[in-house]
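Contents: one structure, followed by commentary.
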Amino acid sequence: MPMDLILTGGRVVDPSQSLDAVTEVGFAAGKVAALGQSIPRGPNTVVKDVSGLLVTPGLIDMHTHVYWGGTSLSIDAEEFARTSAVTTAIDTGSAGPGNFAGFRKHVIEKSETRILAYLHISHAGIYAFGHGIEVGESENMKLMNPAAAVEVVEANRDVIVGMKVRVGRYSSGDQGAAPLDIAMQVADATGVPLMAHIDEPPPSYDDVVNRLRPGDVLTHCFRPFPNVPYSGQGKVKACVDAARKRGVFFDVGHGGGSFAFKTARTMLANGFLPDTISSDVHVLCINGPAFDQVTTLSKFLCLGMSLSEVIAASTCNAAYALKRPELGSLKPGSVGDASILSLDEGRFDYVDVVGEHLIGDRKLNARGVVVAGTWWHPA
C-alpha cells in the first residue's frame, strides 16, 4: 500500500507496544500502515522529518469540556488540539440529555479532531459554570433525567462513552450521593461506564469509591484535602486499593480545583499511579493552573513517573478505559493519529490548584499533530 505520510527521524514512544526507538511511522488510508526503518516511499508520499522530537500515538485527554458556544465553561477542541497535541478530547458532561443533540450537530460532527463524550445525568449538563457564576447542577434533583438519558445514550453510542455525574459540596450540595445513584441506574440500564466527579464532602471519597463498578472512572482522584485518597498516616485508603483491584479507573482531572502536588507525591510514594492523566480543561483553568494536557503530563514527569508511564496514561490506558482499542496506539491498523512532542530541558515553574509551586527540569510541548493519517498542524 502506498504511504500517504511518513514521519521520519523521530523517537517513537508507544507504550501499547513497549516501543521506544528511533524509527519511521507510515500512514495510509487514514490509518497507521507501517512501522520500521526505511518505509518505501511512493510518488505522492509526504515525508515529514521530525528528528529530535517524540512521536506518540495521538494523545487522548480523558477529561475536557469542549461544547464550545453551547456551555459557558467549554473551550474550542480544535484550538486545544493545536496547542496540546490532543487528537481525541473526551468531553465529560458538558451536555446532558436535553442539549446533547446540539453538542453533536454543532461541535462533535464539525470537528476535524475526535470528540467523544460522557453524557451528564443532569438535563442540561453543566449549564451555569464560568466567569462569575458556578451553579452545582446536581443540587437540583428536578434536573435529573434518567429516562431521557437512556434514550440519548442508545441513539448516540458511536460517540457517547459513558455517563457523567458530579457530586460533592459544590456540585450536589445537600443532595450528597443521590445524583450518583441515579446516574448509576442509567449506566446499568445502558451497559456503559460511569465517570464520577468528586469535590469536597459530603459525600466522602470512600462513599463514592465504594459505589463504583468495574470499568467506572473516578476523576479528580488526586484532589487536595479534604476528600483525599490516603489516610492520615500517608497510606492509600483500603477502599481505594479495593476499587482498583475490582477494575475502577483513577483519572487525574486536574482542572481549577482538583489536583494537588501533595496528594500526588503521597500516592506515587505508595506506588499508586493514576490510570489516566487528564487536564479537565475549561475556561477557568486554561490560563492556569491546568493550562493544557502537555503541561499536566509534564507535572507527573517531574514528580517521578517515567516518560513511558506518562505517555501510556494519555494513550493506551485511556483507550482501554474507553473501550476503544483502535485508539492510543501506533500498531498498524490503528487510527492514523499521532502527536509530535518535544521534551525540553530547563527550569519550569509548575503550580497546582492550592498554589504550591514545583520547579521541574523537563517539559513536554506540542510540536505537531497527525489526524486521520494527514499532517494536520502546523500547516
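Stretch Lys235-Asp361 to full length: gain in nm at 0.36 nm per residue minus the Cα-Cα span?
Values: separation 126, 0.36 × 126 = 45.36 nm, distance 2.81 nm.
Value of the extension gain: 42.6 nm.
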The answer for the net charge of residues other than Ser308 whose Cβ lies under 13 angstrom from its Cβ, with Lys and Arg +1 and Asp and Glu -1, is -2
Could you compute Rg(Cα) / (2.2 N^0.38 Å) for the chain, with N its residue count?
0.95
Straight-line reach check, Lys235, cutoff 25 Å on alpha carbons, 8 or more apart in-chain or any other chain, hits among lysines -> Lys245, Lys262, Lys299
Cβ-based net charge around Cys285, under 12 Å, with every Lys or Arg adding one and every Asp or Glu removing one:
-3
Across segment 43-170, how large is the tail of the calculated P(r) beyond 22 Å, expressed as a percent of all Cα pairs?
40
Determine ³J(HN,Hα), in whole Hz, for all residues of segment 140-148 in sequence, where each value follows from phi through the Karplus function 6.51 cos²θ - 1.76 cosθ + 1.60 and θ = phi - 60°; x replaces Gly and Pro.
9, 5, 5, 7, 5, 9, x, 5, 5
For segment 180-196, in order, what is each residue's ³J(HN,Hα) by Karplus, 6.51 cos²θ - 1.76 cosθ + 1.60 with θ = phi - 60°, in whole Hz (x at glycine and Pro)?
4, 4, 5, 4, 5, 4, 5, 4, 5, 5, 9, x, 10, x, 10, 10, 10
Give the separation of the Cα centroids, segment 16-53 to segment 175-198, in Å.
42
Gyration tensor (Cα) of segment 27-83, equivalent ellipsoid semi-axes in angstrom:
33, 13, 11
Over segment 212-255, volume per residue of the alpha carbon convex hull, in Å³:
66
Length-normalised contact order for the chain - Cα pairs under 8 Å, 6+ apart - percent:
20
Defining a contact as two alpha carbons under 8 Å apart and six or more residues distant in sequence, what relative contact order in percent does segment 196-256 show?
41
Apply 1/(1 + (r/R0)^6) to the Cβ-Cβ distance of Ala178 and Ala155, taking R0 = 45 Å, and write down the FRET efficiency to the nearest 0.05.
0.95
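With a sphere of radius 11 Å drawn around the Cβ of Phe222, what net charge do the other residues whose Cβ falls strictly inside it have (Lys, Arg +1; Asp, Glu -1)?
Result for the neighbourhood of Phe222: +2.
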Which residue, Pro202, Gly26, Val50, has the largest displacement toward the positive end of the dipole of the chain when charges sit on each Cβ (Lys, Arg +1; Asp, Glu -1)?
Gly26
Roughly how many percent of the accessible protein surface of segment 262-343 is carbon and sulfur, given a 1.4 Å probe and a whole-percent answer?
53
Using the alpha-carbon centroid of each, what span in Å lies between segment 270-325 and segment 213-264?
14
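For the chain, what is the mean residue ellipticity at 222 nm derived from helices alone (per DSSP H run of n ≥ 4: -39500 (n - 2.57); sum divided by total residues; nearest 500 deg cm²/dmol)?
Roughly -6000 deg cm²/dmol at 222 nm, from the helical runs in the chain.
The values are calculated or read from the model by the stated rules, or taken from the named source; none is laboratory data. Note that the coordinates shown come from a computational prediction; the quantities given were computed from them, not determined experimentally. Please note: Cβ atoms are built from the backbone with ideal geometry, for glycine as well, and neighbour counts cover all protein chains shown. Just the protein is used for accessible areas: all its heavy atoms, side chains included, with ligands, DNA and RNA removed. Shrake-Rupley method; radii C 1.70, N 1.55, O 1.52, S 1.80 Å.
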